[in-house]
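Read the figures in this text as sums done on the coordinates, not as results from a lab. Note that this is a predicted model, so its numbers are computed, not measured. Methodologically, a virtual Cβ is constructed for each residue, glycine included, from the backbone with ideal geometry; neighbour enumeration extends over all protein chains shown.
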Amino acid sequence: MDTSQLEEIAHRLVVRGKGLLAADESNASCKKRFDAVKVDCTKETRREYRELLFTAPGAEKYMSGVILYDETFWQSTHAGPMFREYLKARNVVPGIKVDMGLIDLPGFEGEKLTQGLDGLPERMAEYHAAGAQFAKWRSVIAIGDGIPTDECIGANTFVLARYARICQDAGIVPIVEPEVLFDGTHSIDRCEAVMTHVYDVLFQTMRAFRVHLPGAILKTAMVLPGKNSGAGINHDDVAARTVRALHEHVPPELGGVVFLSGGQTSKDAFINLNRIAQKGPHPWGLTFSYSRALQDPVLKAWANDRTAKTEIKQLFAKQLELASAASKGELDESTLDHDDFVSHAQDL
């Protein structure tokens, strides 16, 4: 394991003013999004849509890396270069999602475990040889009546730690994502308590498996009230609680922290990130790793007129510019009140 190289890649991913595009939706998830805007979901339409994102002029000014799905990792632009080579040539780090999705945790109703460890060392070696420099693995922690259990948290953090060590042995920076789900009726207090407990167990387990923390990145949700709790999102409260949870429970030597948007509207995801950044300094680089918050208006515009490629690319570049400003705490939040932004800002 070359720890200095892992650290260098991690630092590149969370460099100030840039963030990650999560373009790693599975084919099933992509189909749901395409169906919502009435576009056929085929291998070619998925390739066409993602090419618009990757080739948007100026995107590399705000995009440090892209998380790719396996299908996309092996695809090419219309002009010929492989997506991963196109990105690398523009100083955008190519990454790969390597988990194999969720299964029920036997004996624990309502709780999930992520699969994919079998054969992972061989897959990571293949991805590394093909140019991947970082990877992502998502686990989910649901909040509900009697859950999450310590058994669920323990099982998922064990898998995340094993994955992270396998990545580092292959020369790849692991992004560990223990997503505490936004879905539910729980209070923001309950969310904070669960999230901090998950952090404590995760980093204890990662240390036990000898993961080099400066060469790893945490991808996390923000501390939010449950989506169906009836409580509105208070941006200052979300920022204060999220920063407290991170500063008190995430090791300062970690390579970086990136946020998922996790079902928030684009507007909430940008404002919350902006307020969090304003509460720095933080001991690690801190930025976004958004999917829907960046893509929703772009996908809708593309579905409306697939020939308007220049305008669609400009829209995506604008989304990245907003996220970049938010990641520095420099977003003019009033710009999010314009009709053009709000009309596109809701989840699909």
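Before moving on, here are some points about what is shown:
- Cross-link partners of residue 136 among lysines, defined as those whose alpha carbon lies under 17 angstrom from its own and excluding same-chain residues fewer than eight positions apart: 97, 219.
- Karplus-derived HN-Hα couplings along segment 136-143 (A = 6.51, B = -1.76, C = 1.60, θ = phi - 60°), whole Hz, x at Gly and Pro: 9, 9, 10, 10, 10, 10, 8, 10
- The chain: DSSP helices with Cα axial extent of at least 20 Å and average Kyte-Doolittle hydropathy no lower than 0.0: 150-169, 188-208
- Under the Karplus curve 6.51 cos²θ - 1.76 cosθ + 1.60, θ = phi - 60°, whole-Hz ³J(HN,Hα) for segment 74-87, x wherever Gly or Pro sits: 9, 8, 10, 5, 4, 7, x, x, 4, 3, 5, 6, 4, 5
- Relative contact order, percent, segment 3-342 [alpha-carbon distance under 8 Å, six or more residues apart]: 19
- Each residue in 137, 74 was given a count of other beta-carbon atoms within 10 angstrom of its own, and listing them fewest first yields 74, 137.
- Neighbour counts of other Cβ atoms within 10 Å put 38, 267, 219 in the fewest-to-most order 38, 267, 219.
- Under 18 Å of direct C-alpha separation, and excluding same-chain neighbours fewer than eight residues apart, residue 61 reaches these lysines: 18, 88, 313, 318, 328.
- Amide H contacts of residue 116 (H built 1.01 Å from N, in plane; Pro and chain starts excluded): 100 sit under 5 Å, all sequence-distant by 5 or more or on other chains.
- Per-residue Cβ neighbour counts within 10 Å put 191, 167 in the sequence 191, 167, beginning with the fewest.
- Length released on extending from residue 5 to residue 253, taking residue separation times 0.36 nm less the Cα-Cα span: 87.7 nm
- Projecting the Cα atoms of 15, 273, 245 onto the charge dipole of the chain, computed from C-beta unit charges around the Cα centre, puts 15 farthest toward the positive end.
- Alpha carbon centroid spacing (whole Å) that separates segment 108-168 from segment 296-318: 33
- In the chain, helical runs assigned H by DSSP with n ≥ 4 each contribute -39500 (n - 2.57); averaged across all residues and rounded to the nearest 500, the mean residue ellipticity at 222 nm is -14500 deg cm²/dmol.
- Charge dipole (debye, nearest 20) of segment 3-342; +1 at Cβ of Lys and Arg, -1 at Cβ of Asp and Glu: 800
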